[in-house]
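The values are calculated or read from the model by the stated rules, or taken from the named source; none is laboratory data. Being a predicted model, the structure only gives us computed values, none of them experimental. Cβ sites come from the backbone with ideal geometry, for glycine too, and all protein chains shown count toward neighbours. To get the accessible areas, we keep the full protein, side chains included, count just its heavy atoms, and leave off ligands, DNA and RNA. Shrake-Rupley method; radii C 1.70, N 1.55, O 1.52, S 1.80 Å.
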Amino acid sequence: MDRPQYLVAHLRRALAEDPRTAELGVQVTIRGDVVVLGGDVTSDDRREQMETVVRELLPQARIHNDVHVTPPVPPGDVEELPCE
């Protein structure tokens, strides 16, 4: 894997544009021959799909998927603001 900065940009774009993932806020770094994915997604399926997209582009790479699943939480109580 040469020119890691271009590879990182290519992977980020693929993760953003692929309909299976459509993720903009995921970090991608290259450490030697390992692709490291980081950040937060809303489901296990989305986390797995990110790894799938990277594996399709770089079948020979080792992938360390450090993406955390944080399910969406509905908003809490409504905050009442005083009117002046």
Calculated P(r) tail over 21 Å for the chain, as whole % of Cα pairs: 35
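What's the extension gain from Ala9 to Gln27 if we count 0.36 nm per residue and subtract their Cα-Cα distance? Numbers along the way, then the final one.
Working: separation 18, 0.36 × 18 = 6.48 nm, distance 1.03 nm.
Going from the current span to full extension adds 5.4 nm.
How do the peptides 22-31, 55-64 rank, highest first, by the average count of neighbouring beta carbon atoms within 10 Å per residue? Walk me through the numbers on the way to the answer.
Working: 22-31: 14.6, 55-64: 12.5.
Per-residue mean Cβ counts within 10 Å order the peptides as 22-31, 55-64.
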Computed lengthening from Asp40 to Leu81, 0.36 nm per intervening residue step minus Cα-Cα distance: 11.6 nm
Within the accessible area of the chain (1.4 Å probe), percent carbon and sulfur: 51
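Residues of the range 4-69: accessible area per residue at 1.4 Å, in Å²? Before the final figure, lay out each step's value.
Values: 3940 Å² over 66 residues.
Counting only protein heavy atoms, the per-residue value for the range 4-69 is 60 Å².
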